[in-house]
1. Collect the residues in the stretch 285-310 that are aliphatic (A, V, I, L, M), within 16 Å of ligand 2 (Cβ to nearest atom) and surrounded by 19 or more Cβ atoms within 10 Å (Cβ to Cβ), keeping them in residue-number order.
2. Would you mention how many residues in the stretch 226-271 are in a loop (DSSP other than H, G, I, E, B) and within 16 Å of the chain's Cα centre (by Cα)?
3. Need at least 2 residues that are away from ligand 1 (no atom under 16 Å from the Cβ) and crowded, with 19+ Cβ neighbours inside 10 Å per element, so show me which strands (runs of 3 or more DSSP E) inside the stretch 57-139 make the cut, counting only ones lying wholly within it.
4. Among the residues of the stretch 186-225, which ones are hydrophobic (A, V, I, L, M, F, W, C) and either buried (at least 18 other Cβ atoms within 10 Å of the Cβ) or outside the structural domain of Ala166 (by TED's automatic domain parsing) (or both)?
Amino acid sequence: MLSETVLTESFLPAWPYRGEAMHCWDRQTYASKYWHPVAARSDLHPGEVMEVSILDQQLLITWPAGEQPRAFRNRCPHRGVAFRKGATETGQTCRRLVCPYHGWTFNLRGDLLAAAREAEFEQDFDRQKWGLQEISCRIDGPLIWIAFSDQALPLEEQLQLIHAEAGETWNAAQQQLHLRRRNLACNWKIAHENTLDDYHVAIAHPTTLHREQGPVRDYIHRFSRCNNLLETPHPSGGRFLTFGLPPWSHLLVWPDGRLAFLEFMPDKPDRCSMQLRLFATRDAMEPASADAWLRQLLTFLEEDKALVESAQQGYDEQFKPGPPHRLERRILHWQGLYRKKLESAGIINVERSQPTIAALIESTSATGSAANGCSGM
Ligand code: FES
Ligand SMILES: [Fe+2]
């Protein structure tokens, strides 16, 4: 697989980690090129609906009985009001979606069933023209995924190495045990790259992650076009797998079938949200064990927080990155993918000129944008 893989020779310079224009391009254009998990499969059931928010977009995820889950903008097509307010963590039983403003009523397939005083519209009124705005939605493994653009990378390719190396575990881990979010004072790329960094683990996490991953001499890297993998022998037997995935995600797989899915989503140029989901096969873990596992992971992630926030200050000072180490190849692999996206948008050689970047973004993000607006702009 390595032969298909392009590894760049140096780290990205500081400018993609800074500034409002790059931040907006990441949220609008880069994000639209990939699928995003929005809910655990175990949190939504047939006949239910849940509200989710991702990149400031409000969505409804519905599961019509006997069909597959579907995703819609949480906006009534009449005057743009949301059907429900705020995100919920689990599905709610629902037969009809009724708009709180003028009462238009939809089924879970997004079809308009009825509008109040339907015979009195100014023009002929055709219910079929006024369904909810749908976006792509799929189940894969323990997660429900959406894509904002039909130009997004096929989900099979986005998850290729997981399917190839851990497909059985991925599909068996049905139960989400915990969902936690934390804010980090750094650009999302710094946090993402830190989690792709196999050079720092023995130094920065000697009593936490390093104990799970074992001796550095046993580390094995694998690459597909869009994914990378660190494989280490787990102290209790079997393989401990750490996948790096676009756009900003990671999957940790324990030999006993536990999974941790980790994302770093952009909030501001120098702020991101870490989201951690823990999964196990149904009824496979006592709550106390699941809580202990969560605490252990949050401890090692807390060790990273100080490091990534310090690195952000370096990038803010126009720091020039040094030489990559062999154990940082997963960072170079992801940066190669990201560089290609920048190049195809025509912004790789732009130095720190934010107005120029903004103009290029304006001219290249007309199609397939994830977010209509960009917070902080
Ligand atoms: S905005 Fe929903 S019915 Fe008018
Ligand atoms: Fe770390």
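1. Those that are aliphatic (A, V, I, L, M), within 16 Å of ligand 2 (Cβ to nearest atom) and surrounded by 19 or more Cβ atoms within 10 Å (Cβ to Cβ): Leu297, Leu301, Val308.
2. 5
3. 57-62, 70-73
4. Once the filter is applied, which keeps residues that are hydrophobic (A, V, I, L, M, F, W, C) and either buried (at least 18 other Cβ atoms within 10 Å of the Cβ) or outside the structural domain of Ala166 (by TED's automatic domain parsing) (or both), the stretch 186-225 yields Cys186, Trp188, Ile190, Ala191, Leu196, Val201, Leu209, Phe223.
The values are calculated or read from the model by the stated rules, or taken from the named source; none is laboratory data. Fair warning: this is a prediction, and the values are worked out from it, not measured in the lab. Cβ coordinates were reconstructed from backbone atoms using ideal geometry, including for glycine residues, and neighbour counts include every protein chain displayed.
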